[in-house]
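The structure under discussion appears below in the form of structure tokens.
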């Protein structure tokens with residue numbers, strides 16, 4: 001591969017994915033120069049579908065001595081991954097708040113139902129009447145409240161899992177460029 005002409009080497013490298021290119025940059029100086037060239041990374045940056053303003057902002061955010069297309073690609077990937085993590089964090093926070101609100105609501109409803117059931121059971125013992133159906137209905141309402149809490153808890157768990165997935169994805173984007 002070291003004996004190939006520059007054009008052929010660029011053609012081979014242009015067919016590689018980002019992680020393979022990052023690994024090729026670690027082999028030797030000639031391949032690193034070719035793998036880090038604008039001819040390879042510019043099409044990758046343009047394939048991300050970002051606006052010219054976003055590309056310019058990413059280029060401005062790159063370190064002063066590293067304004068190449070590879071650095072721009074890394075910056076854009078980092079921004080995208082950070083955005084996903086930020087959105088997932090916000091969703092997880094919202095789910096956490098919703099879960100804690102639902103838990104508090106269920107606790108309040110449970111306490112209220114228990115007080116009501118206690119008072120009615122004492123009354124029923126005294127009356128031995130037909131209000132047994134009311135007690136069953138109240139127990140059913142309590143069961144519904146608990147099931148709502150479980151649904152909200154499941155939503156919360158899904159949001160937390162999505163946040164973890166987003167963080168792993170962000171770390172995966174950063175890994176090829178850490179060399």
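Each value in this text was obtained by applying a stated rule to the coordinates, not by laboratory testing. As the structure is a prediction and not an experimental result, all values here were calculated from the model. Quick reminder, even Gly has a Cβ in these numbers, built from the backbone with ideal geometry, and neighbours come from all protein chains shown.
Could you compute the FRET efficiency for residue 53 and residue 171, with r as their C-beta to C-beta distance and R0 at 35 Å, rounded to 0.05? After rounding, the FRET efficiency stands at 0.80. Relative to the dominant Cα principal axis of the chain, helix 132-174 is inclined by about 10°. Ellipticity at 222 nm from helices only: DSSP H runs of n ≥ 4 in the chain, each -39500 (n - 2.57), divided by the residue count, give -28000 deg cm²/dmol. Of the three principal axes defined by the Cα atoms of the chain, the extents in descending order read 100, 31, 24 Å. Taking 0.36 nm per residue of separation and subtracting the current Cα-Cα distance, fully stretching the chain between residue 116 and residue 158 would add 11.6 nm.
Could you work out the relative contact order of segment 6-74, using alpha carbon pairs under 8 angstrom and six or more residues apart, expressed as a whole percent?
29
Which FRET efficiency value, to the nearest 0.05, do you get for residue 62 and residue 11 by plugging their Cβ-Cβ distance into 1/(1 + (r/R0)^6) with R0 = 41 Å? After rounding to 0.05, the efficiency reads 0.95. Which one, 40, 31, 12, has the greatest fluctuation when you compute a Gaussian network model over the chain with C-alpha springs under 10 angstrom? Of 40, 31, 12, the most mobile in the Gaussian network model is 12.
Which of the three applies to segment 4-82, rounded, prolate or oblate, going by the alpha-carbon gyration tensor with a ≥ b ≥ c and a/c under 1.5 meaning rounded? It is prolate, given that a/c is not under 1.5 and a/b is the larger ratio.
Between residue 90 and residue 146, what is 0.36 nm times their sequence separation minus the Cα-Cα distance? Round to one decimal in nm. 17.6 nm is the gain from fully extending residue 90 to residue 146.
Between the Cα long axis of helix 52-61 and the first principal axis of the chain there is an angle of about 80°, rounded to the nearest 10.
In the chain, the longest principal axis of the Cα atoms and the axis of helix 69-127 are about 10 degrees apart.
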